Structure formats: structure tokens, C-alpha cells
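Colleague: Got a structure for you, written out below as C-alpha cells; questions coming shortly.
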Amino acid sequence: MCEDYNLTETPHTWDDGKKGNYWSDYNGTDINGDGIGDKPYIIDVLNRDRYPFMQNPVNLPKVAFGFPVDITAAVVLLTVLAAVVVLIVFKRKKKVSKTT
């Protein structure tokens, strides 16, 4: 970081006005639960993130029903496929029994 600061310079912001960045050493709070810290993350005198993320958005857990989304989707797909197979077999057996 810079040791000498031009204090007439406008501070730099590390956010887009709504969302900022994740900082691993940010110790702020998130009272309203929106995932964005309530206080800015101060990098140095001329750099701050006014809307720091509370969690790394790249590593947020992707969970459905307590399992990773890809596993949940696979289980749902296999369940639907099994149900379709059972219905087809049941209809064929019913059709065969009517013709005999």
C-alpha cells in the first residue's frame, strides 16, 4: 500500500453503488441479512468498499433439500425417469392382459 497519500484526491470506491467485493478480513455485520455489510470496508485513506459482501459469492453453497444442487437434480431426474418406465411397463402389461 501507499505510504504517502494525496489527501486532496477523491477517495476511490471499490463497489458499483449497490454491491462491492468480498474481503476475507472484513469483520462487519449484516443486520438486515442482505449479504452486504452494514459498514464500509476501509482499505486505506483513499480506498474503500461501501458495500462489502459478507461471504465470498464465488464459494456460496449451492444447496437444495440439504444436498448440492447437481445431486438433487440427478435424483429428481432419475425419479421421474423411473416413474415413466413404471407407467410404460404397467400400461403394456395391462394392454397384454386385455388381448388374452
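Read-outs throughout are calculated quantities, based only on the coordinates presented, and are distinct from any laboratory measurement. What you see is a predicted model, and the numbers here were worked out from it, not measured in a lab. Neighbour counts run over all protein chains shown; Cβ positions are idealised from the backbone, glycine included.
Colleague: Given H placed 1.01 Å from N in the peptide plane, which residues other than close sequence neighbours of Asn47 have an amide H under 5 Å from its amide H?
Modeller: His12
Colleague: Pop out the ³J(HN,Hα) list for segment 4-21 in order, Karplus 6.51 cos²θ - 1.76 cosθ + 1.60 with θ = phi - 60°, rounded to Hz; leave Gly and Pro as x.
Modeller: Rounded to whole hertz, the list is 9, 10, 8, 6, 8, 6, 5, x, 8, 10, 10, 8, 9, x, 9, 10, x, 10.
Colleague: If I model a spin label at Val84 and Asp30 as a point 7 Å from the Cα along the Cα→Cβ vector, what separation in nanometres do I get?
Modeller: 3.8
Colleague: Relative to the longest principal axis of the chain, what angle (0 to 90°, nearest 10) does the C-alpha long axis of helix 69-99 take?
Modeller: 10
Colleague: How much net charge surrounds Asp15 when only the other residues with a Cβ under 12 Å from the Cβ of Asp15 are counted, with Lys and Arg +1 and Asp and Glu -1?
Modeller: Every neighbour counted, the sum reads +2.
Colleague: Which residues' amide hydrogens lie under 5 Å from the amide hydrogen of Phe53, considering only partners 5 or more residues apart or on another chain, with H built in the peptide plane?
Modeller: Placed amide hydrogens put Gly20, Asn21, Tyr22, Trp23, Gly37 under 5 Å from Phe53.
Colleague: Given 4 °C and 1.567 mPa s, compute D for segment 1-60 with the Stokes-Einstein relation, Rh being the Kirkwood radius over Cα pairs; round to the nearest whole µm²/s.
Modeller: 106
Colleague: Write down the percent of antiparallel bridges among all DSSP beta bridges whose residues are both part of the chain, to the nearest 5.
Modeller: Among the beta bridges of the chain, antiparallel pairing accounts for roughly 65 percent.
Colleague: Do the sum for the chain: with -39,500 (n - 2.57) for every DSSP H run of n ≥ 4, divided by all residues, what is the mean residue ellipticity at 222 nm, to the nearest 500 deg cm²/dmol?
Modeller: -11000 deg cm²/dmol
Colleague: Which of Trp23, Val80, Pro68 sits farthest toward the positive end of the charge dipole of the chain, with +1 on the Cβ of Lys and Arg and -1 on the Cβ of Asp and Glu?
Modeller: My answer, from the dipole projection, is Val80.
Colleague: Right, another one. Report, in debye and to the nearest 20, how large the dipole of the chain comes out about its Cα centre when Lys and Arg carry +1 and Asp and Glu carry -1 on their Cβ.
Modeller: My answer is approximately 2060 debye.
Colleague: If you don't mind, another one. At a temperature of 37 °C and a viscosity of 0.692 mPa s, determine how fast the chain diffuses translationally according to Stokes-Einstein, using the Kirkwood radius over alpha-carbon pairs as Rh; express D in µm²/s, rounded to the nearest whole number.
Modeller: 178
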